[in-house]
């Protein structure tokens, strides 16, 4: 089943979540999600998948040069870390007393 260009993929992590990388050269690294790109199904994680980029001189950065920055990682290769039990976990959904849905840790039941 192919996705149309206008269709967006539902991503299970949000900006600010702490995640651990499950596969690839950065396997096992933890970091905070800086940006979510739903069109491509990727996330940018702080300090993970670092690349070197050759930057031309601009007014903002007159010197230019080679900079290191984070590249996107597929969202299927990251898993949320529970803040309470500090372990990678899957997330469930639960209604709070106020009637709002919340994400919860499947292992300890903590609201994420």
Along Cα→Cβ, 7 Å out, is where each label goes; now give me the distance between the ones at residue 9 and residue 76 in nm to one decimal.
-> 0.7
Mean 1/r over distinct Cα pairs of the range 51-112, inverted to a Kirkwood Rh in Å, yields 15.2
Rough spin-label spacing in nm, given labels placed 7 Å along Cα→Cβ, for residue 102 and residue 84 | 0.9
For the range 15-63, what's the relative contact order in percent, using C-alpha pairs closer than 8 Å and at least 6 residues apart?
-> 27
Kirkwood Rh, the chain, all Cα pairs: how many Å?
-> 16.0
Computed lengthening from residue 67 to residue 55, 0.36 nm per intervening residue step minus Cα-Cα distance | 3.6 nm
Relative contact order %, the range 27-104, counting alpha carbon pairs below 8 Å whose residues are six or more apart = 20
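Just so you know, all these numbers are worked out from the coordinates, no wet-lab data involved. These numbers come from a predicted model, not from an experiment. So basically every Cβ, Gly included, is an ideal-geometry build from the backbone, and we count neighbours across all protein chains shown.
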